[in-house]
1. State whether one or more residues within the stretch 259-268 are touching a helix residue (DSSP H, G or I) at 6+ places or on another chain (Cβ under 7 Å), at negative phi and basic (Lys, Arg).
2. Restricting to the stretch 107-122, what's the tally of residues that are free of Cβ contacts under 8 Å to residues at least 24 places away in the same chain and within 22 Å of the chain's Cα centre (by Cα)?
3. Tell me which residues, restricted to the stretch 48-103, are buried (at least 24 other Cβ atoms within 10 Å of the Cβ), of a type in the set (Lys, Arg) and over 23 Å from residue 166 (Cα atoms).
4. If I filter the stretch 250-272 down to residues being surrounded by 17 or more Cβ atoms within 10 Å (Cβ to Cβ) and among the charged types (D, E, K, R), which single residue comes out as nearest to residue 219 (Cα to Cα)?
5. Examine the stretch 156-178 for a residue that is in the same structural domain as residue 289 (by TED's automatic domain parsing), closer than 30 Å to residue 237 by Cα and among the aliphatic types (A, V, I, L, M), and state whether such a residue exists.
6. Among the residues of the stretch 156-178, which ones are touching a residue at least 60 places away in the same chain (Cβ under 8 Å) and in a helix (DSSP H, G or I)?
7. Do any helices (runs of 4 or more DSSP H) entirely within the stretch 9-105 hold 2 or more residues that are outside the structural domain of residue 195 (by TED's automatic domain parsing) and among the β-branched types (Val, Ile, Thr), and if so, which?
Amino acid sequence: MSPDRTPEARRQLEICNACRYCEGYCSVFPAVTRLRTFSDGDVAQLANLCHNCRGCYYACQYTEPHEFALNLPAALAEVRAQSWQDFARPASLARLFQRSGVALAAALVAGVALLFALAMVFMPASGAGFYAVLSHGVMVALFTPAFLLPLLAVALSLRDYWRHVGGEPVRLAHLWHAALHAGRLQDLSGGQGQGCNFERGDRYTNVRRWLHQAVLYGFLLCFAATAVATLLHYLFALPAPYGPLSLPKLLGVPSGILLKVGCAGLAVLKARSEKNLGAPSAWGGEMAFILLLLAVAATGLVLYAATGTSWVATLLALHLGAVLTLFLLTPYSKMVHGFFRLAALVRDAQLAEK
């Protein structure tokens, strides 16, 4: 069991609440000023509201060597990672991923890809395109539970988190507030639109915000492409493969490019950033998630480019292995941070009304 990071984060938040110099930096500090004391739920809520832009650290007069030794980005990052682990089911798997994420993800991708390769050899396939290598029925049978069961685990985690932070019944206005903040990634703008300090110390840039937006909208486009292809298959009896000017391809190819650019850029920024301003214990797991998402995008684009060649079977096994691994690890990887952050934004909208 990892040590509880909440008391240290609470100590730092109390000092920040007395100072209030960083009030305009992001959503965290207005939320801090609405409180006089910080329960464990309050600390978890603020931690998941934080985007780790690090602007407050470089503006703070109480960082080391001051005796207060404030490092609020790191304190909240540790609590944030702890909350994902504590509410995961089972929590031990989340801790394993944070500790050895790269090795775990690589082993799963390789193992699942091998299983797909064996399925291609021993299970007869019918159809065109990818379905000539692995049948549609096999894909549906494998991916439906691999998609739905992790979502159920995430839903249970969110229910426990919502209770922990004192969440109330949600109205449409709360959801709209959260969607706007998440869509614009407003809290990565440093509060004034100048960007954050994640990759350039005490200099502001919007690079991290742009890369996050590329990943976010790339992922949404990918989901839209899959949804459209599903509708075409089941409602209009138009199975894959689809042409380059079809809607699934017009959505899917840009999504792969955005994901690849965004993930590659974020991996570079994370490798160059100061680890002591985040959660060092979760650094490996966070990097593993970025690389896994990058692998999904890269193998998908290469697979599309290799259509009609002898490489399709091998590339399809690798791509499906990466996608299935991403699904299976969703409740335990940083993929879950999107769900928790939306919940934190919804809760922030509720508290702002009081």
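The values are calculated or read from the model by the stated rules, or taken from the named source; none is laboratory data. Predicted, not measured: the structure shown is a model, and the values here were computed from it. As a convention, Cβ positions derive from the backbone with ideal geometry for all residues, glycine included, and neighbour counts pool all protein chains shown.
1. Yes, that holds for at least one residue.
2. Of the residues in the stretch 107-122, 1 are free of Cβ contacts under 8 Å to residues at least 24 places away in the same chain and within 22 Å of the chain's Cα centre (by Cα).
3. 54
4. Only one residue fits best here, namely 260.
5. Taking every residue of the stretch 156-178 in turn, none turns out to be in the same structural domain as residue 289 (by TED's automatic domain parsing), closer than 30 Å to residue 237 by Cα and among the aliphatic types (A, V, I, L, M).
6. The answer is 156, 157, 158, 160, 161, 162, 164, 173, 174, 175, 177, 178.
7. Result: 28-33.
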